[in-house]
Amino acid sequence: MSFKLVIALVIGVMAMGILTQFVDTADRSMLRDMRVIFDINGDQLKIEVYDAQSGDPLTGSTIKVEYPGGTLARSLAQDSHSHTFSVPFEGDAVITEVRVTHHGYIPWQGEAALSS
């Protein structure tokens, strides 16, 4: 093999390695927003998840509710966009931290206050 051919092969392999890093980057950068709605009734926290742009129900999300003393979590089925959590708490009220994730969407995080 000639020296020029070896150099050309090395440069070609390096270029392919660099280019493969950009494959599917358009899909990875197209994260969407979600809209999350709370319905609170005593210790019951209903969480509904929607696509923020279209308003369509967003099925298959994962919801995590953290409260003093514990964590509740649920991965929604592909035909469900909401779930009602029963949050145990003592006293008059509790503040929960809610996090919702879904593939292709920006993670959503917020707080909900429950009171007896």
For the stretch 34-115, what ratio Rg/Rh do Cα atoms give with a Kirkwood hydrodynamic radius?
0.97
In nanometres, what is the gap between the two model label sites at residue 56 and residue 33, each 7 Å from Cα along Cα-to-Cβ?
1.9
Among 70-78, 33-41, 46-54, the order from most to least packed when residues are scored by Cβ within 10 Å on average
46-54, 33-41, 70-78
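Values in this text are rule-based calculations from the coordinates and carry no lab data. Quantities reported herein were computed from a predicted structural model and do not represent experimental measurements. Note that each Cβ is placed from the backbone with ideal geometry, even for glycine, and that neighbours are counted across all protein chains shown.
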